[in-house]
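Novice: First, the structure itself, so that you have it in front of you.
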Amino acid sequence: MRLVVDLNRCQGYAQCAFLAPDVFALHGHEALRYTPYADDSRREQVARAVAACPVGAILLDDLPENLADDVAGDGAGDPADGLPAAGPGVG
């Protein structure tokens, strides 16, 4: 699963760091460091951390495995996975 944190919105409340310390950590007083690709075994911790953020600065992007592979690859899509293939005027 992929995490995106809007660091401009983050106010350093650190609720995420308390709930998922293997993924989020404060550096200094208010600078947040995080692991952008968290292991699925931490899904419950991360979901609680996302929900606990008082300013909604954390987005959990739960990409399906086949889509994640496509994003890492050529981005053309695969009819077998139900995604449209890139064609003229697309993308």
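The values are calculated or read from the model by the stated rules, or taken from the named source; none is laboratory data. Computed from a predicted model, the values in this text were never measured in an experiment. Counting neighbours? That spans all protein chains shown, and the Cβs are built from the backbone with ideal geometry, glycine included.
Novice: Restricting to the range 1-43, what's the tally of residues that are outside any loop (DSSP other than H, G, I, E, B) and either without any contact (Cβ under 8 Å) to a residue 60 or more places away in the chain or β-branched (Val, Ile, Thr) (or both)?
Specialist: 21
Novice: I'd like to verify a number: residues in the range 57-76 that are loosely packed, with under 12 Cβ neighbours inside 10 Å and either modelled with pLDDT of 95 or more or part of a helix (DSSP H, G or I) (or both), how many?
Specialist: 3
Novice: Go through the range 1-41 residue by residue and tally those that are under 15 Å from the mean Cα position of the chain (by Cα), of a type in the set (Asp, Glu) and more than 12 Å from Ile58 (Cβ to Cβ).
Specialist: 3
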